[in-house]
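This report concerns only the one structure given below.
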Amino acid sequence: MDKATKETYLSELETALASLTEADRSNAIAYYTEYLDDLGAISFDEAKTSLGTPKELARQVKADCAVKGLETPLTPPPLYYQAVPAGAVGAPNGAVGGSPYGTPTGTQSPQYYPAPQQEAPKKNSTPKVILIVILAIFALPVGVPLLVSAVAVIIAMLAGLASVLIGFAAVVFSLLATGVVAVVIGLVLLFSDFATGLFYLGGGFALLGVSLLFGALFYKLGGVCVKGVAKFFNWIRLKLSKKERGAK
Amino acid sequence: MGFQITAALLDACVLSILARGDTYGYELTQNLRERLQVSESTLYPVLRRLQAGLLLRTYDMPHQGRNRRYYSITEQGTAQLVQFKQDWSQFRDQLNSLLGKEG
């Protein structure tokens, strides 16, 4: 008989529950082992008909462990031990491989167990936090220069943009100033040397016109640049805040 | 049925079954499924939740060469069940008056 058995089902379930803590996993496995025994299921397919595929079942178990099951109870656990008959805890006969379904005691006396969830959240989260800290430390030699250079690049880009704009402004201003001076000289010369005065006057007006054109262009360009820079910083801010939220 | 059974209702149902006597996972599931349309994998999370909340406790008893885990309602569980019943009858009355059925 090469058909998959319920043991296959349970081992697949165990694999699918790998991300849980040992206590949570063995508890779920113990529960469903017993359930399938009581159901009288023998084959993989019988188990699947009742409980769904191992992966589906695992998802249900995991969803619960992650969301609701793991709050630490308010009352301390010793409550549970009060019901244990003296001596029953230490009964050594036939412990089943460390599973929480533990020792079949000879007596019929009930044996109470503490809720197995208590230490689970710590177990799960502490190594993760440590891992993240270690990763952060390892990333430091690469990350800090990277961050510094990124900031430097941004500053350089801004400086470049600003210098281009300032240069442009200077050109416009000098054109304007030259134009005004040329017009004034032209006006003065008009009375002593009419031809030269007219030349200066014409040249001055031409320069003023060009400077006005450039000025309008500069105004437009400047507006676009400021808007672009503002957008860029807004984008960075959004990215950073998103990351922060993601990290939480 | 067009209505979902919420987690709180499931908790109440399980506590109510346990209030009639200790039982084990399979039997509890069958009991529940006689009256409610829930899947066979519904109960495990409920039991875990109730146990985490100290509303029930478990003990193992040998059965045909293996262990069977029994679930037993605690005092806190009994108190919670009373609360659940109060809440339920209030909820039921509200819905009945809304749906136009005599209380």
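Structure data summary
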item: Options A:Val164, A:Val183, A:Val148, A:Val188; residue that is in a helix (DSSP H, G or I) and within 21 Å of A:Ile236 (Cβ to Cβ); result: A:Val148
item: Matching residues in segment A:22-57 - criterion: being within 26 Å of B:Met61 (Cβ to Cβ), more than 9 Å from chain B (Cβ to nearest Cβ) and either polar (S, T, N, Q) or not in a helix (DSSP H, G or I) (or both); result: A:Ser26, A:Gly40, A:Ala41, A:Ile42
item: Answer from B:Thr23, B:Thr58, B:Thr78, B:Thr42 - the residue that is touching a residue at least 24 places away in the same chain (Cβ under 8 Å) and open to solvent by less than 10 Å² (accessible area, probe 1.4 Å); result: B:Thr23
item: Residue that is at pLDDT below 90 and hydrophobic (A, V, I, L, M, F, W, C), where the choices are A:Phe218, A:Phe205; result: A:Phe218
item: Some residue of segment B:92-100 being touching a residue at least 12 places away in the same chain (Cβ under 8 Å) and within 20 Å of B:Ala12 (Cβ to Cβ); result: no
item: Qualifying position, being more than 19 Å from B:Tyr24 (Cα to Cα), at pLDDT below 50 and open to solvent by less than 60 Å² (accessible area, probe 1.4 Å), among A:Leu79, A:Leu20, A:Leu70, A:Leu57; result: A:Leu70
item: Qualifying residue in segment A:9-16 (condition: in a loop (DSSP other than H, G, I, E, B) and either modelled with pLDDT of 85 or more or open to solvent by 30 Å² or more (accessible area, probe 1.4 Å) (or both)); result: no
item: Only one of B:Thr29, B:Thr23 that is under 22 Å from B:Ala79 (Cβ atoms), among the β-branched types (Val, Ile, Thr) and modelled with pLDDT of 85 or more; result: B:Thr23
item: Segments classed as helices (runs of 4 or more DSSP H), wholly inside chain B, with at least 1 members that are within 26 Å of A:Leu51 (Cα to Cα) and among the charged types (D, E, K, R); result: B:7-19, B:25-35, B:43-52
item: Flag for B:Gly65 being at the interface with chain A (Cβ under 9 Å from one of its Cβ atoms), under 17 Å from A:Ala30 (Cα atoms) and loosely packed, with under 15 Cβ neighbours inside 10 Å; result: yes
item: In segment A:127-172, residue most open to solvent (accessible area, probe 1.4 Å) [restricted to those that are over 19 Å from the mean Cα position of the chain (by Cα) and not hydrophobic (A, V, I, L, M, F, W, C)]; result: A:Pro141
item: Cβ pairs under 8 Å, 6+ apart, first in segment A:202-215 and within 11 Å of A:Phe173 (Cα to Cα), second among the β-branched types (Val, Ile, Thr) and surrounded by fewer than 16 Cβ atoms within 10 Å (Cβ to Cβ); result: A:Leu208/A:Val180; A:Phe214/A:Val171
item: Residue within segment B:19-35 that is within 23 Å of A:Arg59 (Cα to Cα) and more than 12 Å from chain A (Cβ to nearest Cβ) present; result: yes
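The values are calculated or read from the model by the stated rules, or taken from the named source; none is laboratory data. From a predicted model like this one, the values you see are computed outputs, not experimental measurements. As a convention, Cβ positions derive from the backbone with ideal geometry for all residues, glycine included, and neighbour counts pool all protein chains shown. Remember, those area values only see protein heavy atoms, side chains included, never the ligands or the DNA or RNA. Shrake-Rupley method; radii C 1.70, N 1.55, O 1.52, S 1.80 Å.
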